[in-house]
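Every number here is computed from the coordinates shown, using simple stated rules; none is lab data. Note that the structure is a prediction, hence the values are computed from the model and not measured. FYI the Cβ positions are ideal-geometry reconstructions off the backbone, even for glycines, and counts take in every protein chain you see.
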Amino acid sequence: MQEQAPRVLVFDSGVGGLSVAACIHQALPGAELIYLADNAGFPYGNKPEQVVIDRCCQLIAKCLQQSACDVIVIACNTASTVVLPHLRAMTDIPVVGVVPAIKPAVACSHNRQIGLLATPATVRRPYLDELIREFAVDCEVTRVGHPGLVCWAEALVSGSEPPQARLDEAMAPLRHSGVDTVVLGCTHYPLLLPWLRRSLPNVRFWVESGEAIARRVAYWLEQAGALSAAETPPGQPKKVVARACFSGPAPEGIDVFMAEMGIPVAVVEGNWPGSE
């Protein structure tokens, strides 16, 4: 009898979590993915913590009522800073969050000059100070929290390229600091890498969290005895993303955008769950 494929729920406020979903799909091509985006609440960075907590928990609870999942991934840095304890209190399903990859960035850097790109909300979080004190005490960390980056990443779905001149202006503090390593502290930012590289051509290392999250998902599936089913047997096709659900209207062209990222989607649902 064929072993049932495990199911992984990937949650974000918009399309940034697709960068994480792509890493999970690459590492665990036999796993079934559900992508859930609260784009009606986007962006999270300018919202009170309790609003973010309530929206995340309510949407994820509704999704779990429809589809049992083996692992939940909060592929949003802002949400991960506040919602994880609340989610873990409401479900026994393993919950994986994302934090800025300060520790691996320190391991990469040669000149001990590290840049951190994040949302304005993440840049201000006390937990970021703790990460830097714990892992980067001998480094100079230049933080850039720019509100435009996530919006430019979202606009990629519709084919709008980021304004390079404005992005160059936003990256000026990192150029002036001479950083050789940049932490992409928001899951939206890997989508902007081609433009970020043009803006900061001297940066040697770009560090994101997607692969680390995929490894953590694999760990939890192994603990549940479901890892082998998440790995596609030789000769078998990779699974597509089962559903991509958006709390607001589905972004036009999202199916094409996901296919180009290597994560084709079977069903796209806008204004989800629709019963509100």
Within 10 Å, Cβ to Cβ, of CYS23, how many net charges do the neighbouring residues add up to if Lys/Arg are +1 and Asp/Glu are -1? -1
Could you calculate the contour length gain from GLU130 to HIS176, that is, 0.36 nm times the residue separation minus the distance between their Cα atoms, to one decimal place in nm? 14.1 nm
Student exercise, the chain dipole from Lys, Arg, Asp, Glu Cβ charges, in Debye to nearest 20: 400 debye
Mind giving me the nanometre distance, one decimal, between the label points for TYR219 and GLU140, set 7 Å out from Cα along Cα→Cβ? 3.4 nm
Spacing of the two label points (7 Å from each Cα toward its C-beta) at LEU64 and ALA242, in nm: 1.5 nm
List the extent of the Cα atoms of segment 70-118 along each of their three principal axes, largest first, rounded to whole Å. 44, 18, 13
For segment 102-207, report the convex hull volume of the alpha-carbon atoms normalised per residue, in Å³, without decimals. 84 Å³
Give the angle, between 0 and 90 degrees and rounded to the nearest 10, that separates the Cα long axis of helix 18-27 from the longest principal axis of the Cα atoms of the chain. 60 degrees
Expressed as a fraction of 2.2 N^0.38 Å, the rule-of-thumb size for a compact globular protein of N residues, what is the C-alpha radius of gyration of segment 155-253? 1.46
Between PHE205 and MET261, how many nm apart are label points set 7 Å from Cα along the C-beta direction? 2.5 nm
Would you mind ranking LEU18, LEU84, LEU28, LEU196 so that the residue whose beta carbon has the fewest other beta carbons within 10 Å leads the list? LEU84, LEU196, LEU28, LEU18
Taking 8 Å as the Cα distance limit and 6 or more residues as the minimum spacing, I'd like the relative contact order of segment 13-136 as a percentage. 23 percent
When only Cα pairs under 8 Å and 6 or more residues apart are kept, what is the percent relative contact order across segment 102-207? 37 percent
Whole-number percent relative contact order across the chain, with pairs defined as alpha carbons under 8 Å at least 6 apart: 27 percent
